[in-house]
Amino acid sequence: MAALGKIRQRGVILIIIIGLGLFAFIAEEAFRSCNGIKSDASQQVGEVLGKKMDYQTFSKLVDEYQNVIKMQQGKQNLNDDELSQVKDMVWSTFVQNTIIEDQAKKLGLRVTDDEIENILRMGTNPLLLQTPFVNQQTRRFDASALQKFLADYKAQQQANPQLAEQYETIYKYWKFIEKTLREQTLAMKFQGLLAHCLLSNPVEAKMAFNERTQESQIQLASYPYSSIDDSKVKISDSDLEKKYNAEKLRFKQYTESRDAKYIDVVITASAADRAALQKLFEGYQKDLASGTDPEEVVRKSTSTVPYLGVPVGKDAFTTEIADRLDSMAVGQTTAPFENKFDNTLNIIKLIAKQELPDSVQYREIQVGGNTPEEAHKRADSIYTALKAGADFAVLAKKYQQTGDSVWLTTAQYQGSSSMNADSKKLLNTLNTSAVKEISNISFDQGNIIVQVLNKKHNITKYTAAVVKKTIDFSSATRTAIYNKFNSFLSANLTSDKLLKNAAKNGYRVQDAKDVTTAQATLGNIRSTKDAMKWLFDKADEGDVSPLYECGNNGDNLLVVVLDKIHRVGYRGLDDPQVKEMVKQEVMRDKKAEMLMAKAETAKSVSAAAKQGAKVTTVDQVTFSSPVFVATTGATEPALSGAVYATAQGKFSSKPVKGNAGVYVFQVTKKTKTQGKFDDKAEEQQIRQREMQVASNFMNELYVKAKVVDNRYLF
């Protein structure tokens, strides 16, 4: 009780202590929650209609697309530009599919399994023709081949681990095609529904036919806007304001953007760097010419072109290498030569030139054993049986293999980054064996018995050793250029001083207008992620960025000035780009007024010519196709309409205001082109034209989808 009394005496103090403790607990949890939200947000690549894509999902999809492209093109790796294209493709696919799925859901559209099965049975979809399940005779997708593969895939997972990896690659490729097929079909159903909302009728068809088939020949007198000097046109602020208000919708901006100015210093090799590399290459040339193992020379040189040691097509080499191969003799080694396009020094040694098949069809039996000796002995027995007439497929099944035939193309292996001795032995055997010939190829760990079944398309193949290295700068060169640029930046800390003094110090200021977060780089310079983050997350107008080292291997030094932030909404007349556009519109209108006043006094083409108008004959003028006027260098839709409405022999009732000038004309002849009116065909053409216009529906849906693109962060 005494203790309870003490607690009651200190009740207020305890309440305060407990309250502070609870506040601290709540604050801590709130802080953790905020950090969690911030962390989640930092991992969001983007958002469409509230659907978020995190970086992990994005990376997974990029890997999926990469693997598909590698399989389709027979590549081992993608370069930076190709990878950037893949990332753009993944993002645009996510945006489009999300928008289409949202619209389809509202309309009750979906793709059923029966529809997919029907597409597979028909086998004509272009996506299906990119799979390995195409019948070579019919050139159509073979659904039974797919079903057989899927059954074999499950069996191989258990029975033959050696083939499991190959099956897994093809299986993943098929799942990608299947997913894309569903997405494509849903989009086509949505577009088809939209297309059927556009209708035409016989009256419209008849008008369209007449507008297309009635041709006019005219004598045209042109008063070009360029005939009036800009200095003679007075433009006031009120003129600009009036025009801007009339055209304001043109200047609505749906995505926030930035205008930036930047200085990009490209670090290049000095004369001393080039001389040192030239000396190295003279050594490589001597080694190759003297017969040193080419694989060893290429490896030690760290050439960017691997030595495969097998015959490959000319397209396996870069253009400057391929262009020299035909003129070289076997055994010849070139002198070092420079390729300015990719900034490299190169040497080629042509080791062999052969006429070989581009595609080989073969089947195989992989033979293993507890020991290499056991495998070799077993393979000899199988080989002997096959030579004596045994059935290849039956023997293959005996060793839990299908023995099915496969096609091997040169493109599938010539892009490899390396090749071991076993692969070389197999490829050389397939390339040089006769059709129907059976070979027993012995490897360190076992054997492969192959039979070549068919060969197609003989081409010239080359075995060549290539030493290709970038003409790179040394660390001393880099340090000197870096220090000089850094000193300039230290002496010019404000944006005004930086931009004013750049040219005096040998640096060029460049503009990057309307940069958005959708752009992967700034100024097409690679690895500018940090600069983009600064531009959108940290900078205010007039700020100068830190010095960034970017480009390929840090060979670009970059500093950025944030010039202007363009918020979502209407760009105002204070924007230089908008003001210039409006000014040009006002300039054109005022020149048109001056020229139309002049042209109105001309009652004939000859009278217009006396006023200084340029006269020419224009043939085949129709209402449906805007006429091109050579004297002004512009396409003039308004002129086409005026000519169509003017009778033969008549002079234009009033001057026509065009895009590049004012025009008067006389219709000298009207004719009908040959052709019979077909109302159904004409209505179909009208619908197709309307669909081309309506195809912009994705732009409208994109604007309304509240797309957030944070790819620049990654």
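The values are calculated or read from the model by the stated rules, or taken from the named source; none is laboratory data. Every value quoted in this text rests on a predicted model; they were computed, and no experiment measured them. Neighbour counts run over all protein chains shown; Cβ positions are idealised from the backbone, glycine included. SASA here: full protein model, heavy atoms, side chains in, ligands and nucleic acids out. Shrake-Rupley method; radii C 1.70, N 1.55, O 1.52, S 1.80 Å.
When Gly569 is tested against (1) without any contact (Cβ under 8 Å) to a residue 12 or more places away in the chain; (2) at positive phi, only condition (1) is not met. In summary, Arg571 fulfils each of the numbered conditions (1) under 26 Å from Ser475 (Cβ atoms); (2) buried (at least 18 other Cβ atoms within 10 Å of the Cβ); (3) out of contact with any Leu (no Cβ under 9 Å at 6 or more places or on another chain) with the single exception of condition (1). Of all positions in the stretch 332-348, none carries a residue that is touching a helix residue (DSSP H, G or I) at 6+ places or on another chain (Cβ under 6 Å), of a type in the set (Asp, Glu) and assigned to a strand (DSSP E or B). Does Asp358 fit the bill of being in a strand (DSSP E or B) and of a type in the set (Asp, Glu)? Yes: the conditions hold for Asp358. Of the residues examined, Asn553 is one that is farther than 24 Å from Lys242 by Cα and open to solvent by 70 Å² or more (accessible area, probe 1.4 Å).
Only residues that are in contact (Cβ under 8 Å) with a residue 24 or more places away in the chain, of a type in the set (Val, Ile, Thr) and more than 14 Å from Ile438 (Cα to Cα) were counted in the stretch 356-405, giving 2.
Restricting attention to the stretch 56-113, the residues that are farther than 23 Å from Gln130 by Cα, assigned to a helix (DSSP H, G or I) and over 16 Å from the mean Cα position of the chain (by Cα) total 14.
Number of residues in the stretch 690-711 that are charged (D, E, K, R) and touching a Gly at 6+ places or on another chain (Cβ under 7 Å) equals 2. When the residues of the stretch 442-466 are filtered to those that are open to solvent by less than 20 Å² (accessible area, probe 1.4 Å) and more than 19 Å from Asp391 (Cα to Cα), the one that is modelled with the lowest pLDDT is Gly446.
When each of Ser231, Ser257, Ser226 is tested for being without any contact (Cβ under 8 Å) to a residue 40 or more places away in the chain and either of a type in the set (Ser, Thr, Tyr) or in contact with a His (Cβ under 6 Å, 6 or more places away or on another chain) (or both), the lone residue that passes is Ser231.
Annotation note: Cβ proximity below 7 Å between a residue of the stretch 105-119 that is over 15 Å from Leu146 (Cβ atoms) and a residue that is hydroxyl-bearing (Ser, Thr, Tyr) (sequence gap 6+ or interchain) occurs for Val111/Thr185; Glu115/Thr185. Cβ separations smaller than 8 Å between residues 6+ apart or across chains give the following pairs from the stretch 499-516 residues that are within 13 Å of Val559 (Cβ to Cβ) and among the polar types (S, T, N, Q) to residues that are in a loop (DSSP other than H, G, I, E, B) and at pLDDT below 95: Gln510/Gly523. If you go through the stretch 556-568 and keep only what is open to solvent by less than 30 Å² (accessible area, probe 1.4 Å) and over 30 Å from Asn483 (Cβ atoms), you end up with Ile565, His566.
Taken over the stretch 210-250, the criterion of being among the β-branched types (Val, Ile, Thr) and closer than 30 Å to Tyr644 by Cα is satisfied by Thr213, Ile218, Ile228. If you take the residues in the stretch 318-362 that are basic (Lys, Arg) and open to solvent by 60 Å² or more (accessible area, probe 1.4 Å), which one is nearest to Gln278 (Cα to Cα)? Restricting to residues being basic (Lys, Arg) and open to solvent by 60 Å² or more (accessible area, probe 1.4 Å), the top hit is Lys340. Total residues in the stretch 519-544 satisfying the condition of being hydrophobic (A, V, I, L, M, F, W, C), touching a helix residue (DSSP H, G or I) at 6+ places or on another chain (Cβ under 7 Å) and open to solvent by less than 60 Å² (accessible area, probe 1.4 Å): the figure is 4. Listed residues Asn440, Asn428, Asn447; which is in contact (Cβ under 8 Å) with a residue 40 or more places away in the chain, touching a His at 6+ places or on another chain (Cβ under 8 Å) and closer than 29 Å to Thr371 by Cβ? After ruling out the rest, the residue left standing is Asn447.
For the stretch 573-603, a residue qualifies if it is of a type in the set (Gly, Ala, Ser) and in contact (Cβ under 8 Å) with a residue 60 or more places away in the chain, and the qualifying residues are Ala592, Ala599, Ala602. Output yes when any residue across the stretch 198-214 is more than 30 Å from Lys148 (Cβ to Cβ) and either in contact with a strand residue (DSSP E or B) (Cβ under 8 Å, 6 or more places away or on another chain) or at pLDDT 95 or above (or both), and no when none is. Looking through the stretch 198-214, at least one residue is more than 30 Å from Lys148 (Cβ to Cβ) and either in contact with a strand residue (DSSP E or B) (Cβ under 8 Å, 6 or more places away or on another chain) or at pLDDT 95 or above (or both). Among the residues of the stretch 81-89, at least one is in contact (Cβ under 8 Å) with a residue 40 or more places away in the chain and buried (at least 18 other Cβ atoms within 10 Å of the Cβ). For the stretch 624-714, the helices (runs of 4 or more DSSP H) that sit wholly inside it and include 3 or more residues that are open to solvent by less than 60 Å² (accessible area, probe 1.4 Å) and under 26 Å from Phe209 (Cβ atoms) are 637-644, 679-694. Taken over the stretch 467-513, the criterion of being within 30 Å of Asp287 (Cα to Cα), of a type in the set (A, V, I, L, M, F, W, C) and surrounded by 13 or more Cβ atoms within 10 Å (Cβ to Cβ) is satisfied by Val467, Ile471, Phe473. For Lys206, are the conditions met, namely being touching an Asp or Glu at 6+ places or on another chain (Cβ under 9 Å) and not small (Gly, Ala, Ser)? Yes. Taking Gln400 as meeting all but one of (1) within 41 Å of the chain's Cα centre (by Cα); (2) open to solvent by 50 Å² or more (accessible area, probe 1.4 Å); (3) at pLDDT below 85, write down the number of the exception. With respect to (1) within 41 Å of the chain's Cα centre (by Cα); (2) open to solvent by 50 Å² or more (accessible area, probe 1.4 Å); (3) at pLDDT below 85, Gln400 is out only on (1). The residues of the stretch 608-623 that are of a type outside the set (D, E, K, R) and open to solvent by 60 Å² or more (accessible area, probe 1.4 Å), listed by number, are Val615, Thr617, Gln620, Phe623.
The set of residues in the stretch 94-131 that are more than 30 Å from Arg711 (Cα to Cα), out of contact with any helix residue (DSSP H, G or I) (no Cβ under 8 Å at 6 or more places or on another chain) and open to solvent by less than 70 Å² (accessible area, probe 1.4 Å) comprises Gly108, Thr112, Asn118. For the stretch 360-399, a residue qualifies if it is more than 30 Å from Lys461 (Cβ to Cβ) and of a type in the set (Ser, Thr, Tyr), and the qualifying residues are Thr371, Ser381, Thr384, Tyr399.
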